[in-house]
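Remarks on the structure that follows.
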Amino acid sequence: MLEIKNLHVKLEEEDKDILKGVDLKIKAGAVHAIMGPNGSGKSTLSYVLSGKEGYEVTEGSMQLEGADLLEMEPEERAAVGLFLAFQYPVEIPGVGNMTFLRTAVNAQRKVRGEAELSAAEFLKVVRERAKALRIDADMLKRPVNVGFSGGEKKRNEILQMAMLEPKMCILDETDSGLDVDAMKLVSEGVNALRSEGRSFLVITHYQRLLDHIIPDVVHIMADGRIVKTGGPELAREVEQNGYGDLLQHEVA
Amino acid sequence: MSAHAVPADAPPLLQQLSLSGSGASWIKAARQSARARLMAQGLPSKRDEYWKFTDPAPFLAKPAPGTFDLQTEGQYQPGQGITLPITGGVFDNPTTDVPEGIEFLPLSQVQGMDIHWSTELFGVLENRGQAVVPRPLASLNTAFATEGAVLRVTKDVSAPIVLLYQQTEGGPEPILHHLIRVEPGAKVTLVEVGCAGARSNIVMEVDVADGGSFDHVRVQESDALHVTHSFARLGQEASYKSFTLSAKGQMTRNEHVVEFTGDHAVAHVAGAVLAGGAFHHDDTVFITHDAAHCESRQVFKKVLKDTATGVFQGKILVKPDAQKTDGYQISQSLLLDDQAQFLAKPELEIYADDVACSHGSTTGALDPEALFYLCSRGVPKPLATNMLVLSFLAEAVAEVAQEDMRQSLMDHLERLLSSDVR
């Protein structure tokens, strides 16, 4: 599904490498987790994958099902099936949540040569999927993320994911700012979307999210590289011993 | 000097205008007095403080500069209401049936009447509006206008009155002067759409009596030169709400001069501007609080691209007895290109001690975070840009009182934006 080779990234305005040769291969249907201390480059990886401005790829490649992501604009990446659930979803006053979602869904359908959904068709689907995430009609009507609580914003991200049905979902610290109940709700939303044709990259600082979204593979990232890869047990190791032990162990 | 002669040393624009010799004595006197005012003021120039952001030369040049597109396809349709078409500066059908509660006559007829209510309004509010700042182009209008809508509203009229401007190839440059009197407790909505001419000068004097209500929606979307002045006087508990959508154009100056003379009245003046090319758009507002417990609100939002210029000059003057005044003013611009510019001069002048007045002005680019968020969901960048532009302008459209009209204006803006995808 996703193949990242020797990815080097720096900030456009600064001569400092943030990613220093990331290699990552995710198969269709697999759930990978990336854990790592603050500043290790986890969020940068998610932004670079989705095409945010301000970063410069100096070396390496990233492909989604063989298509070169580096050649694509953010909206093109979305259309081929890439989705980023933001750590800090942006508030957009004046743009209705529903209008936004329908525009996005139809823009993607158009690119893929599918018929656009009518307002009625869209409404039916969105209501059903919103209900599962306990997103009420009022939240759908309000401007995008405006006045939403932290948990509501994250649920709204998952709703967008459910509506856009991407192939490759990146969750950037989706657990940050969530209480236990909200985390459970969000995780259920994600788990419901797991399927053979859909892969996930779950970026998180803590292991607790991975109790709910059980990963197939866990990577530890530090200083712009993936330094260790293992199974779910690796996440528990981090939880017990912290990153310090693990990283020292690696270096030694 | 004869009453109708223009002095030999007057600017070329005035040489070509002559005072109408027809009409009853009251209107002749009003015209002469307006012309005297104009001669004393002189024509505006960019050396004048009030014109420092907008060079009035294109309004004064003979002939009008630039080319002019007669295209009216796709222009805003208000959907409902009683339409009064004005073609080439003249009413098509001066005897149009208007709903009960409205009296309508064209100025061209009223001017010949010896007795009419409008004799107490024509040029009167315009003259009052000259007290602090000279507005020579309004004096010029009063002196030379021979046509306009004269409307008296005596009831709550639900159907909007639509002034539909249409112009003819190589037609005149209309000078129109509208007079509106809203009687106590009466209510009306006036809509102005279309383009009166390649260059037009429109004055509206609006007298809203106690408890009366006047709602105004105007759409300017032709490739033309517009000068407008709206002079409003508000009685006790009166309401005046005016909204203008400007899209396309060469140069536009919309002035609002509002005076509160009775307590507990409300005035909202708003504008949404979508300007590209070299369009220069100027909103100049002067609100005088001379009564207590009145609320004034100015909301102007301008989207500027290419080399467009947006200007906002807004003043709130609170006189000593205007206690408990609530004055609010915001002007914001969204610059979509490096060459676009926004010039703002907000002013508060307050002589009462128990008031709440605030003003704010911002200039900025599209929020890159918001743009990326929309694009990351698959929304193409041009469409995402339009969504953000629309949401920016929505705050000004929200000032329109009628919900159906708010919706139709938003729909119209969406069409304008999607037909001009960057």
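Read-outs: derived from the displayed coordinates by stated rules, not from any lab. Everything numeric here is computed off the predicted structure, so don't read it as measured data. Heads up, the Cβs are rebuilt from the backbone with ideal geometry, glycines too, and the neighbour counts pull from every protein chain shown.
Annotations for the structure displayed:
- For region B:162-284, the square roots of the Cα gyration tensor eigenvalues, ordered a ≥ b ≥ c, give a/c of at least 1.5 with a/b greater than b/c, which places it in the prolate category.
- Point-to-point label distance, A:Asp211-A:Asp17, nm (Cα→Cβ direction, 7 Å offset): 3.8 nm
- In chain B, Cα pairs under 8 Å separated by at least six residues give a relative contact order of 10 percent.
- Structural size metrics of region A:103-252, computed from C-alpha coordinates, are Rg and Dmax of 18.0, 61 Å.
- Region B:176-232 - Kirkwood radius from inverse mean 1/r over Cα pairs (Å): 12.3 Å
- Longest to shortest principal axis, alpha-carbon extents of region B:311-387, angstrom: 57, 26, 14
- Charge sum, other residues only, whose C-beta stays under 12 Å from B:Phe286's C-beta, Lys/Arg counted +1 and Asp/Glu -1: -1
- Mean ellipticity per residue at 222 nm, deg cm²/dmol - from DSSP H runs of n ≥ 4 across chain B, formula -39500 (n - 2.57): -5500 deg cm²/dmol
- Distant-in-sequence amide contacts of B:Thr284, defined by a placed amide H-H separation under 5 Å and a gap of 5 or more residues or a different chain, comprise B:Asn254, B:Glu255, B:His256, B:Gln313.
- Set the Cα radius of gyration of chain A against 2.2 N^0.38 Å, with N its number of residues, and you get 1.01.
- Taking every DSSP helix (H) stretch of at least 4 residues in chain A, weighting each as -39,500 (n - 2.57) and dividing the sum by the residue count yields a mean residue ellipticity at 222 nm of -12500 deg cm²/dmol.
- Normalising by residue count, region B:220-349 has a Cα convex hull of 72 Å³ per residue.
- Lysines with Cα under 16 Å of B:Lys155, excluding same-chain neighbours fewer than 8 positions away: B:Lys187
- Formal net charge of residues neighbouring B:His216 (Cβ-Cβ distance under 13 Å; K, R +1; D, E -1): -1
- Within the listed set A:Glu73, A:Glu152, A:Glu12, the residue fluctuating most in the Gaussian network model of chain A (springs between alpha-carbon atoms under 10 angstrom) is A:Glu12.
- Its residues counted as N, the protein assembly as shown yields a C-alpha radius of gyration over 2.2 N^0.38 Å of 1.19.
- Local electrostatic count at A:Gly231 - Lys and Arg +1, Asp and Glu -1, tallied over other residues with Cβ under 15 Å: -2
- Hydrodynamic radius (Kirkwood) for chain B, which is based on Cα pairs only, to one decimal in Å: 21.8 Å
- Largest-first ellipsoid semi-axes for region A:135-222, taking √(5λ) over the Cα gyration tensor eigenvalues, angstrom: 23, 16, 11
- Relative contact order (percent, whole number), chain A, Cα cutoff 8 Å, 6+ residue spacing: 29 percent
- Where GluC sites (Glu not before Pro) fall in DSSP loop in region B:100-182, at most 14 other Cβ within 10 Å: B:Glu100, B:Glu169
- Measuring against 31 Å, Cα to Cα, the residue pairs A:Lys141/A:Lys167; B:Lys28/B:Lys315; A:Lys27/A:Lys184 contain B:Lys28/B:Lys315 as the ones spanning a longer distance.
- Averaged over the residues of peptide A:86-94, the number of Cβ atoms from other protein chains lying within 10 Å of each residue's Cβ is 5.
- Look at the Cα gyration tensor of region B:136-211: its axes a ≥ b ≥ c give a/c of at least 1.5 with a/b at or below b/c, and that counts as oblate.
- Judged by the gyration tensor of its Cα atoms, with axes a ≥ b ≥ c, region B:289-422 is prolate; a/c meets the 1.5 cut and a/b is the larger of a/b and b/c.
- Which of A:Lys27, A:Lys52 has the fewest Cβ neighbours within 10 Å, and the rest in rising order: A:Lys27, A:Lys52
- Applying 1/(1 + (r/R0)^6) with r as the Cβ-Cβ distance of B:Met113 and B:Thr83 and R0 = 22 angstrom yields a FRET efficiency of 0.35.
- Set of lysines near A:Lys10 by C-alpha distance (under 25 Å), chain-local residues within fewer than 8 positions excluded: A:Lys20, A:Lys25, A:Lys42, A:Lys52, A:Lys228, B:Lys381
- For B:Lys345 and B:Asp97, the difference between the fully extended length at 0.36 nm per residue and the C-alpha to C-alpha distance is 84.9 nm.
- Mean-square fluctuations from a GNM of chain B, with a 10 angstrom spring cutoff on Cα atoms, peak among B:Val269, B:Val208, B:Val124 at B:Val124.
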